[in-house]
Each structure stands twice: as C-alpha cells, then as structure tokens.
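Here the structure is laid out as structure tokens; the discussion comes afterwards.
The values are calculated or read from the model by the stated rules, or taken from the named source; none is laboratory data. Remember, it's a predicted structure, so these values are computed and weren't measured experimentally. All Cβ positions, even for glycine, are placed from backbone atoms using ideal geometry, and neighbour counts span all protein chains on display. Calculation scope for accessible area: heavy atoms of the full protein, side chains included, ligands and nucleic acids excluded. Shrake-Rupley method; radii C 1.70, N 1.55, O 1.52, S 1.80 Å.
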Amino acid sequence: DQTRTDLIKGKKSMQCETVEIAQIKLRPEVTEEAFLAAFQRFVDSFVRQQPGFLKCELLKRDDGQFLDVVHWATRSDAFTAFERSSENDACLAFFELLEADEADASSGVEYLTAVIPESAEMPANSR
C-alpha cells in the first residue's frame, strides 16, 4: 500500500498524528509538588486550547525525571503550539521551573509520527 509506505518514509508526516515527547529535568530548587501544579496550569490554560491537541500524558522515569507526551493531529499543529508557547504566561511560568538549554529551546523535544493509530487493532501474534 503506497500510503502506508509514504507514512513510514515520512512523506506525509505533516498531515499524520504526531507524538511530541519532551524530556523534563527540574531545576534543583523546584519541588515535585510545585512542578505538578505548574504542569497542570500549563496543560489546562495552554496545551488543551491549541488546535490539533488530542491528549497529553506526564510520565515519571525511574530516575525521577519526567516525560511530557502530547498527541497532536498533525506535526504542523505541534510546531504551531511550540511557537505560540513563548507568548503564553502559563507556559513561561512552567518553563522557568525547568533546566533548559538557553541556546536551543527545543533541545530534549522529539516529534514522532504515529504509524499505527492507537485505535487500530494489532494482530494477536504481533503483541
């Protein structure tokens, strides 16, 4: 199937569901409680309001760091939200709690294309 081949090769990735994964490292003085409160404000007042937002998950790694996983309808939606984040007070307050590369705000952020949507049924022998 040519469409599936194109998706796998990334030719149509701008129109396919995109998963944004951001590695989060807190500044040493930030408590987990303060971080979680700021994260909730960030998601509620900004992320959920963006066009193309599908869902968001916050995962905690064994080493205590976090991963913010956001599902977007398209890669373009993800990029647009990222660009708008620098203009939002809740985003800026949230970003202040994080250790970040001052020269590259997108460091630690990865964009992946969903090849098989969550609702697709996987064959039993592939699980």
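A compact table of results
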| read-out | value |
| --- | --- |
| Residue within region 117-125 that is under 17 Å from the mean Cα position of the chain (by Cα) and either surrounded by 13 or more Cβ atoms within 10 Å (Cβ to Cβ) or modelled with pLDDT of 75 or more (or both) present | no |
| Residue match in region 8-22 (condition: modelled with pLDDT under 95, assigned to a helix (DSSP H, G or I) and within 16 Å of the chain's Cα centre (by Cα)) | yes |
| Criterion violated by Thr31 - all others in (1) in contact with an Asp or Glu (Cβ under 9 Å, 6 or more places away or on another chain); (2) β-branched (Val, Ile, Thr); (3) more than 16 Å from Tyr111 (Cβ to Cβ) satisfied | (1) |
| Number of positions in region 31-54 that are more than 23 Å from Ala78 (Cα to Cα) and either surrounded by 15 or more Cβ atoms within 10 Å (Cβ to Cβ) or among the basic types (Lys, Arg) (or both) | 0 |
| Residues that are within 15 Å of Glu110 (Cα to Cα), of a type in the set (A, V, I, L, M) and in a helix (DSSP H, G or I), drawn from region 42-91 | Ala78, Ala81 |
| Number of the condition not met by Trp72 [criteria: (1) touching a helix residue (DSSP H, G or I) at 6+ places or on another chain (Cβ under 6 Å); (2) open to solvent by 40 Å² or more (accessible area, probe 1.4 Å); (3) at pLDDT 95 or above] | (2) |
| Every residue from region 93-108 that is within 16 Å of the chain's Cα centre (by Cα) and either modelled with pLDDT under 90 or open to solvent by 70 Å² or more (accessible area, probe 1.4 Å) (or both) | Phe95, Ala100, Ala105, Ser106, Ser107, Gly108 |
